[in-house]
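Enquirer: If you scroll down you'll find the structure; I have some questions about it.
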Amino acid sequence: KVRGQTVVDIGCGAAYLLNILRQKGKEVAGIEPSQGMRDLAHKINPKVPVVDGMAEEIDKLIKEPVDAVLMIDVLEHIEKDAEQVKKISSVLKVGGEFIFVVPAYPSLYGKRDKEMGHYKRYSKKELRYILTSNNFRVVRLRYWNALGFLPYLVSEKILKKPLSSKLRQNKNRMLNLWFKYIENNFDLDFGLSIIGVAKKT
């Protein structure tokens, strides 16, 4: 749940999430470096303002403090991630929330991560350190996508090849049911990603 009234999504893509939040009464804005994604956002979600910019420019792009900043699968693309978290803190109101998703388990870092432009995968311990060192109190860190963990491990670390597109499609269908009935209700304490919520102190 995204608390507060003003929300900025860094790397918002086509602004699907922001549009959902807008329909719930939030004041939203997106930052997106891809021209193609900004064009798509303007076409599909025209009522959501999306500006051209990089995550690293957030402290220049946001003029007034906001209640929440989202980074969904973005932080791992930024080499100076701790500096980025510090910038996010600077644009949040006191008590404002930083909500993020990052890839989990440094030991799983491999070819696919490199191809996707990831600098790293994260542990909970590292995330806690980065956050608490930059004016945040950790509210929640939990693993996500437990069902995909074993196939990813076998594919990337044992077989050394990407999952087939057919397998990923089948997995997506299973994930919809898995998330609805299992992971939305139980924290299994492992998974391919980490979902985090941190509050500015």
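Readers should treat all values here as calculations from the given coordinates under stated rules, not as data from a laboratory. Note that the structure is a prediction, hence the values are computed from the model and not measured. Cβ atoms come from the backbone with ideal geometry, glycine included; neighbour counts cover every protein chain shown.
Enquirer: From a point 7 Å beyond the Cα of Lys93 in the direction of its Cβ, which residues of region 42-68 have a backbone N at a distance under 11 Å?
Expert: Flagged as within label range: 65-68.
Enquirer: Next up: With a 10 Å cut-off between alpha carbons and a GNM built on the chain, which of Ile130, Ile20, Ile31 moves the most?
Expert: Greatest mean-square fluctuation among the candidates belongs to Ile20.
Enquirer: Taking a quarter of the surface of the convex hull around the Cα atoms of the chain, what do you get in nm²?
Expert: On the way: hull surface 45.2 nm².
The number I arrive at for the chain is 11.3 nm².
Enquirer: Out of the trypsin sites (Lys or Arg not before Pro) in region 55-107, which ones are loop residues according to DSSP with at most 15 other C-beta atoms within 10 Å?
Expert: Passing both the DSSP loop test and the Cβ count: Lys63, Lys80.
Enquirer: Below 8 Å between Cα atoms, with a sequence gap of 6+, how large is the relative contact order for region 38-196 in percent?
Expert: Values: 202 pairs, mean separation 38.2, N = 159.
Dividing the mean separation by the residue count of region 38-196 yields 24 percent.
Enquirer: To continue, here is another question. Compute the signed sum of charges (Lys and Arg +1, Asp and Glu -1) over the other residues within less than 15 Å, Cβ to Cβ, of Arg3.
Expert: +4
Enquirer: Could you work out which residue, out of Lys26, Lys180, Lys114, moves most in a Gaussian network model of the chain, that is, has the largest mean-square fluctuation with Cα springs under 10 Å?
Expert: The residue that fluctuates most here is Lys180.
Enquirer: Then there's this: Give me the distance in nm between label points sitting 7 Å out from Cα along the Cα-to-Cβ direction at Leu188 and Arg112, one decimal.
Expert: 1.5 nm
Enquirer: HN-Hα J couplings of region 5-16 from phi, Karplus 6.51/-1.76/1.60, θ = phi - 60°, integer Hz, Gly and Pro as x?
Expert: 9, 9, 10, 10, 10, 8, x, 6, x, 8, 6, 4
Enquirer: Suppose every Lys and Arg Cβ carries +1 and every Asp and Glu Cβ carries -1, with no other charges. What dipole size does region 1-124 come out with about its Cα centre, to the nearest 20 debye?
Expert: On the way: 20 positive and 18 negative charges, 79 e Å.
Magnitude of the dipole: close to 380 debye.
Enquirer: For the chain, find the longest principal axis of its Cα atoms and tell me its angle to the long axis of helix 81-91, 0 to 90°, nearest 10.
Expert: It works out to around 30 degrees.
Enquirer: Relative contact order for region 35-125: what percent, with Cα pairs under 8 Å and sequence separation of 6 or more?
Expert: Relative CO of region 35-125 lands at 27 percent.
Enquirer: What full-extension length gain, to one decimal in nm, is calculated for Leu175 and Lys60 as 0.36 nm per residue of separation minus the Cα-Cα distance?
Expert: My answer for the length gained is 37.6 nm.
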